[in-house]
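The values are calculated or read from the model by the stated rules, or taken from the named source; none is laboratory data. Just so it is clear, the structure is predicted and the values come from calculations on it, not from any experiment. Here the Cβ positions follow ideal geometry from the backbone for every residue, glycine too, while neighbour counts run over all protein chains shown. Side chains are part of the model used for accessible areas, which takes the heavy atoms of the whole protein and leaves out ligands, DNA and RNA. Shrake-Rupley method; radii C 1.70, N 1.55, O 1.52, S 1.80 Å.
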Amino acid sequence: MRKINGLLLFFTLPLCLIACRASLYKETRLSMSTLVTVLVSGTAEPDWQELFSRAENEAAVFDHRLPGSPLKELNEGRSPELPVKLIKVLRLAMEIAEKSGGAFDPTILPLSSLWNFDSGGELPDKENILAARNMVDYRRVKIDAQGAVELPPGWGFDLGGIAKGAVVDHIADYLKKEGYENFLIDAGGDILVSGLKRGKEPWSIGIQHPRSKDKLIGLLHLGRAGETRAVVTSGDYERYFVYGGKRYHHILDPSSGYPADKSIAVTVIAPTCARADGLATAVFVLGPDQGLELLEGLPGVEGMVIAEGISPLQKYLVRTTSAFPLTAEELKLAAKRLRSLGGEG
Ligand code: ADP
Ligand code: MG
């Protein structure tokens with residue numbers, strides 16, 4: 001009997017050692033017009049097909065271009081039954097619009113359609129910009145307690161500044177439901193980390209040089225067992241065109257109708273990716289002074305703004321909220337890297 005027990009122990013122990021050791025699984029696919037990478041620590045590989053098809057289905061809910069989508073129906077003046085998840089994101093978008101005084105505005109569609117960055121972008125006529133600007137104002141939106149949404153006729157929602165973050169949150173919920181605790185999701189600059197890498201160490205997240213692709217100016221180390229954090233960067237280098245020597249990019253200032261010009265790149269850390277995404281767009285428009293002031297007042301939120309400096313010697317400035325997780329030394333190094341790497345227009 002004893003012998004058998006010993007044998008059982010001998011066989012089951014190595015088996016458990018193999019099965020119980022967590023591996024790091026990685027998958028990258030094109031989704032939401034960007035490369036989405038998911039890294040998961042676990043004892044079994046996630047069902048990638050299921051994960052990415054869920055992401056696509058979720059993204060479709062927030063897509064104002066997709067024929068038949070509830071958002072397109074709403075924009076076209078019909079009153080579709082809105083999915084709860086869409087009402088939730090609309091409410092969050094409205095909250096960020098209010099907090100930012102309209103720097104983030106989900107009714108940006110008339111302006112964003114005019115600039116047409118989805119197809120590379122084009123410089124609109126001034127009169128058209130002024131006309132479209134008058135059809136952008138979150139204060140004209142009404143969402144009642146039942147989730148019925150009202151918008152003036154001819155106006156429209158564009159949730160491009162927050163939807164990718166919402167989809168990342170959805171992927172995170174799916175992974176958690178499947179029993180995973182330690183993972184990282186990166187949807188082209190919208191990043192969410194849960195727990196720790198391999199259950200042991202913080203995740204490293206690079207902050208990209210805004211004028212030198214593939215170069216980093218700093219590294220964030222984030223992660224704690226049982227905790228989820230999102231890090232989102234919005235920059236003028238993501239989607240833009242140059243005309244007459246001037247850069248025109250896809251983050252628009254609703255008050256002017258033109259691309260926002262107070263920031264070059266903004267990184268926001270927040271408890272959810274949708275919130276971080278919306279806030280990064282808002283802070284980008286507000287610029288370092290007002291933007292960082294907004295973030296300082298929000299619990300669990302930190303941020304960093306890179307803006308144009310005041311002289312050719314100081315081409316860039318870097319500012320952060322008081323508890324942004326980079327040391328004074330790391331920030332100095334970031335400023336130095338901004339100056340020394342690339343730096344062309
Ligand atoms: P990305 O989608 O490249 O990560 P953002 O999260 O900053 O960048 O979102 C930019 C998108 O948000 C634009 O393509 C447009 O759809 C929308 N948008 C542009 N300006 C604003 C704004 N001021 N408020 C809300 N949404 C905006
Ligand atoms: Mg955004």
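The table for this structure:
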| item | result |
| --- | --- |
| Residue check for residue 322: more than 10 Å from ligand 1 (Cβ to nearest atom), under 29 Å from residue 113 (Cα atoms) and in a loop (DSSP other than H, G, I, E, B) | no |
| Those residues of region 251-290 which are assigned to a loop (DSSP other than H, G, I, E, B), out of contact with any helix residue (DSSP H, G or I) (no Cβ under 6 Å at 6 or more places or on another chain) and either open to solvent by 20 Å² or more (accessible area, probe 1.4 Å) or near ligand 1 (Cβ under 10 Å from one of its atoms) (or both), in sequence order | 254, 255, 256, 258, 261, 271 |
| Residue 53 vs. criteria farther than 22 Å from residue 172 by Cβ and either of a type in the set (Ser, Thr, Tyr) or modelled with pLDDT under 95 (or both) | no |
| Residues that are surrounded by fewer than 20 Cβ atoms within 10 Å (Cβ to Cβ) and touching a residue at least 40 places away in the same chain (Cβ under 8 Å), drawn from region 291-315 | 298, 308 |
| Sole residue being more than 30 Å from residue 237 (Cα to Cα), within 14 Å of ligand 1 (Cβ to nearest atom) and open to solvent by less than 30 Å² (accessible area, probe 1.4 Å), chosen from 141, 168, 136, 149 | 141 |
| Residue 125 being open to solvent by 30 Å² or more (accessible area, probe 1.4 Å), more than 18 Å from the chain's Cα centre (by Cα) and not hydroxyl-bearing (Ser, Thr, Tyr) | yes |
| Pair list, Cβ under 6 Å, 6 or more apart: region 243-262 residue more than 16 Å from residue 97 (Cβ to Cβ), other residue surrounded by fewer than 22 Cβ atoms within 10 Å (Cβ to Cβ) and among the hydrophobic types (A, V, I, L, M, F, W, C) | 243/123; 248/241; 250/117; 257/129 |
| Flag for residue 248 being closer than 23 Å to residue 62 by Cα, open to solvent by 20 Å² or more (accessible area, probe 1.4 Å) and touching a strand residue (DSSP E or B) at 6+ places or on another chain (Cβ under 8 Å) | no |
| Residue in region 185-197 that is within 15 Å of ligand 1 (Cβ to nearest atom) and open to solvent by 30 Å² or more (accessible area, probe 1.4 Å) present | yes |
| Single match in 223, 218 (criterion: over 30 Å from residue 45 (Cα atoms), more than 16 Å from ligand 1 (Cβ to nearest atom) and surrounded by 17 or more Cβ atoms within 10 Å (Cβ to Cβ)) | 218 |
| Some residue of region 163-179 being touching a residue at least 60 places away in the same chain (Cβ under 8 Å) and under 17 Å from residue 107 (Cβ atoms) | yes |
| Residue list for region 198-215, restricted to those being open to solvent by less than 80 Å² (accessible area, probe 1.4 Å) and within 19 Å of the chain's Cα centre (by Cα) | 203, 204, 205, 206, 207, 208, 209, 210 |
| Helices (runs of 4 or more DSSP H) within region 14-102 that include 3 or more residues under 20 Å from residue 271 (Cα atoms) and open to solvent by 70 Å² or more (accessible area, probe 1.4 Å) | 84-99 |
| Whichever residue in region 155-182 is in a loop (DSSP other than H, G, I, E, B) and aliphatic (A, V, I, L, M) and, among such residues, is nearest to ligand 2 (Cβ to nearest atom) | 162 |
